[in-house]
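The values are calculated or read from the model by the stated rules, or taken from the named source; none is laboratory data. As the structure is a prediction and not an experimental result, all values here were calculated from the model. Here Cβ is always computed from backbone atoms with ideal geometry, including for glycine, and neighbour counts include all displayed protein chains.
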Amino acid sequence: MTSPERTERLELAGVLTAAEAARTVAGIAAVQRADGAIPWFRGHHLDPWDHVEVAMALDAAGEHERAEAAYRWLADHQNLDGSWYAAYTDEPGGVNTAEPADRGRETNFVAYVAVGVWHHYLATGDDTFLDRMWPVVFAAVEFVLALQRPGGQIGWKREDDGAPVADALLTGSSSIHQALRCALAIAEHREEPQPDWELALGLLAHAIRRHPERFLDKSRYSMDWYYPILGGALTGPAAKARIESDWDRFVVPGLGVRCVLPNPWVTGGESCELALALWAMGESDRAVQILQWIQPHLRAPDGLYWTGYVYDDAAIWPEERTTWTAASLLLAVAALGGDEATTAVFSGDRLPTGLTPDCC
C-alpha cells in the first residue's frame, strides 16, 4: 500500500488527509493490471482517455513506475493509424487482455496521450521516456488532425469501418485543445517544430471561443459548460462569464455537480473536473468547497469513489467505484496543492497557444 509519507502532497483540509490519499492511490493500484492497463474497475473495460487520466493521478501521487507501465501499455497497443479503440475488455481474475469492446476510434480519446506523456515527463524529467513516447504522440496527433474540419472543430471519431464522423463535440474538442498544446510543448522541447499543429491549434481554439454552431448541441451536459475552460481555450473574463452563466443549472449546493439536466444526479468526475477548472480560473475557494461536498456520499471505505449519487432517492448510482473518478479527485487536489507537473498541464501558462487564424 502507498504510504502516507508519499501522499503528503495530496493533503487538502476537509477533503483528504495523507492517509486517505494513500488509501485512494492503493485502491487505484489494486485495479491496475500486471501489463499496466487500468480499467474502470476489474471486469469492466478500459478506455484510452480515462486510462491516461488515472496514469496522471498515479504520477501526482509519486507512483511513477505504475504510470510509466500505463503508458507502455498504450505504446504496445496503438493501432497502425495512430489511434486506439474506444474501449478494451477486461476479464475478471487478473487475466490480461486487449480485445476491443468498441472498435470506434474517438479523437479526444486518442489525443489525450499527449497530456499524459508531457505530465509524466514534467513529473520525472525522464528524457528516455519522452524519446520512446514521441512517435506514439506524433502518430496519435496526426490521426486526430486528419479529422479536423475546415472550421477548426475536430470530428468526433472514425467508425469501425474507418468512416469519419464529421460531427464535432465541444467537450471532446476542448480536451483535444489541451492535448495539442501539450503535444506542441513536447515538440518544442525536442526542437522538432510542427507548424501544421500550431495552425490546427489556433483554428480549434477560435472555433471553441467564437463558433458554438460548429459543435453538436450538448448543452444539457455539464461537461460542455466547463470543458472549454478546463481545456484552456477560455480564460479570464470569458471563462468567468461562462461559469457564472450556468452555475445554478448544474451545481447542487452541498452535493456536487450534475452530469446532465434535468436528472437529479451528481457525479464525482464532473464535480472534480469543475473544481479543476475553477482552480485554473483562480477560484480555489470554490474548487475546494466542491471537493468537500462530494466526500460524504461518494467516498467509499476502500478509498475509491462511487461514480454518482441520485439525490432525489438518496441512492448511489451506478453501484460502481471507478478508477477515473478517484483519479479526477487526486488531480484536482494535486493542482490545488501546487504539484508542478499537474499545474503546468492544467494552468496552461507555459503551453504553446498556436497560430491565430484570420477569421471573424
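Would you please name the residue that is nearest to the chain's Cα centre (by Cα), looking only at residues in the range 217-231 that are without any contact (Cβ under 8 Å) to a residue 40 or more places away in the chain and assigned to a loop (DSSP other than H, G, I, E, B)? Working first, answer last.
To start, the set of residues in the range 217-231 that are without any contact (Cβ under 8 Å) to a residue 40 or more places away in the chain comprises 217, 219, 225.
If we keep only those that are assigned to a loop (DSSP other than H, G, I, E, B) as well, we get 217, 219.
On the way: Asp217: 21, Ser219: 19 Å.
For the range 217-231, the residue satisfying everything is Ser219.
Scan the range 111-129 and tell me whether some residue there is assigned by TED's automatic domain parsing to the domain that holds Leu58, modelled with pLDDT of 95 or more, more than 20 Å from the chain's Cα centre (by Cα) and under 18 Å from Val52 (Cβ atoms). Yes: one or more hits.
Looking at Thr171, Thr235, which one is closer than 28 Å to Ala275 by Cα, surrounded by 14 or more Cβ atoms within 10 Å (Cβ to Cβ), among the polar types (S, T, N, Q) and touching an Asp or Glu at 6+ places or on another chain (Cβ under 7 Å)?
Working: Thr235 fails: touching an Asp or Glu at 6+ places or on another chain (Cβ under 7 Å).
Answer to the check: Thr171.
With over 22 Å from Ala86 (Cα atoms) and over 18 Å from the mean Cα position of the chain (by Cα) as the only criterion, which of Arg181, Arg158, Arg214 stands out?
Values: Arg181 fails: over 18 Å from the mean Cα position of the chain (by Cα); Arg158 fails: over 22 Å from Ala86 (Cα atoms).
Of the residues listed, the single one that is over 22 Å from Ala86 (Cα atoms) and over 18 Å from the mean Cα position of the chain (by Cα) is Arg214.
Selection over the range 18-28 of residues that are among the hydrophobic types (A, V, I, L, M, F, W, C), surrounded by fewer than 19 Cβ atoms within 10 Å (Cβ to Cβ) and either closer than 16 Å to Ser328 by Cβ or within 18 Å of the chain's Cα centre (by Cα) (or both) gives a count of 0.
Consider Ile38 carefully, then state whether it is outside any helix (DSSP H, G or I) and among the aliphatic types (A, V, I, L, M). Write out each step before concluding.
Details: outside any helix (DSSP H, G or I): yes; among the aliphatic types (A, V, I, L, M): yes.
Answer is yes for this residue.
Among Leu291, Leu278, Leu304, which is the only one that is in the same structural domain as Thr235 (by TED's automatic domain parsing), farther than 18 Å from Phe250 by Cα and under 19 Å from the mean Cα position of the chain (by Cα)?
Working: Leu291 fails: farther than 18 Å from Phe250 by Cα; Leu278 fails: farther than 18 Å from Phe250 by Cα.
Result: Leu304 is the single residue among Leu291, Leu278, Leu304 that is in the same structural domain as Thr235 (by TED's automatic domain parsing), farther than 18 Å from Phe250 by Cα and under 19 Å from the mean Cα position of the chain (by Cα).
Return the total of residues in the range 302-360 being among the hydrophobic types (A, V, I, L, M, F, W, C), out of contact with any strand residue (DSSP E or B) (no Cβ under 8 Å at 6 or more places or on another chain) and part of a helix (DSSP H, G or I). Total meeting the criteria: 11.
Of Trp225, Trp156, all but one fail to be of a type in the set (Phe, Trp, Tyr) and touching a strand residue (DSSP E or B) at 6+ places or on another chain (Cβ under 8 Å); the exception is Trp156.
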